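The values are calculated or read from the model by the stated rules, or taken from the named source; none is laboratory data. Just so it is clear, the structure is predicted and the values come from calculations on it, not from any experiment. Positions of Cβ are backbone-derived with ideal geometry, glycine not excepted, and every protein chain shown enters the neighbour counts. These area figures cover heavy atoms from the full protein model, side chains too; ligands, DNA and RNA do not enter into them. Shrake-Rupley method; radii C 1.70, N 1.55, O 1.52, S 1.80 Å.
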Amino acid sequence: CLIESALFGFTQNWAGSRSKDSLLSGEAFSRIYSGFYEASAAVSGSVKYDLIGKLVAETGLTRKAVVSILKGIQKPVFDQFKDNPEEFIIKAARIINDEKATAVVEHITYDILDERYNETIFTDSTIKGKLGISAIKTNKHLYDHVVYGSDNERKFAEELDAGREVAVYVKLPDSFYISTPLGRYNPDWAIAFYEGAVKHIYFVAETKGAMRSIQLREIEEAKIRCAKVHFNKISGDNVVYDVVDNYRTLMDIISK
């Protein structure tokens, strides 16, 4: 292939700030000469990768299990290993670990511990947002304002604020989380309703713009299944957890 070779010289400018400006703009440099030459060197393919060993190290599976998985990969997909071994190993390990975690979730159980969250997760949290862009004023939220991450969250907060059944609600901070085999999971909202107005007084919600599970990422959906098991264990009928896409869906659930 042809590669251009060029030599640039620096034209001195002693005008103080003008020298800095000329450097930033590139005007201080001028081309002295340029030319082309042919490169004969080929890309080296001598680096060897232990595909099975790498996947064993990244996933914790046995070599036998990894070999079984690799045998199930279609040839056009497996051929991608020759084109980019590192990327193939990274993506294969991630997919295997995701599937491992999902399989564990199917049989997950939670035990009640003595540990409790302190109210400082609300008082010590620093929440930043810009009014009218990522934050709105509220009347029933724990704070005077709520920061939202999407138009769906903003609309949901507005409906909570206007709902006559709602006593108080809070957008849960990142420091409130549930441990799952797939990592930490942070529910979106905690809501308290007036007693007698609805069947369930307390509700923990995850808001999604689309309710069809096929549109949720597999890992996110697995974490949500963990959250349901978690809240069923610690609360029974006292606290309800579910995924909703709007206030109407929420009311349908807690009114049953």
- Task: Could you tell me which numbered condition Ala135 fails, if it satisfies all but one of (1) at pLDDT below 80; (2) open to solvent by less than 50 Å² (accessible area, probe 1.4 Å); (3) in contact with a Phe, Trp or Tyr (Cβ under 8 Å, 6 or more places away or on another chain)?
- Result: (1)
- Residue among Glu165, Glu195 that alone is open to solvent by 60 Å² or more (accessible area, probe 1.4 Å) and at negative phi: Glu195
- Criterion violated by Asn139 - all others in (1) over 27 Å from Leu182 (Cα atoms); (2) of a type outside the set (A, V, I, L, M, F, W, C); (3) in a helix (DSSP H, G or I) satisfied: (3)
- Task: Determine which member of the set Ser179, Ser150, Ser235 is of a type in the set (Gly, Ala, Ser), within 27 Å of His107 (Cβ to Cβ) and modelled with pLDDT of 85 or more.
- Result: Ser179
- Task: Could you pull out every one of the helices (runs of 4 or more DSSP H) wholly within the range 32-82 that has 3 or more residues that are surrounded by 10 or more Cβ atoms within 10 Å (Cβ to Cβ) and at pLDDT 90 or above?
- Result: 51-59, 63-71
- Message: Among the residues of the range 198-209, what is the count of those that are open to solvent by less than 60 Å² (accessible area, probe 1.4 Å), within 17 Å of the chain's Cα centre (by Cα) and modelled with pLDDT under 80?
- Response: 1
- Message: Can you tell me which residue is nearest to the chain's Cα centre (by Cα) among those in the range 168-187 that are open to solvent by less than 50 Å² (accessible area, probe 1.4 Å) and of a type in the set (A, V, I, L, M)?
- Response: Leu182
- Residue ID - least open to solvent (accessible area, probe 1.4 Å), chosen from residues in the range 142-158 that are more than 13 Å from Gly132 (Cα to Cα) and within 18 Å of the chain's Cα centre (by Cα): Glu153
- Note on Gln80: of the conditions (1) under 28 Å from Pro181 (Cα atoms); (2) touching a Phe, Trp or Tyr at 6+ places or on another chain (Cβ under 8 Å), unmet is (1)
- Please tell me if Ala101 is in a helix (DSSP H, G or I), more than 29 Å from Met251 (Cβ to Cβ) and at pLDDT below 90. yes
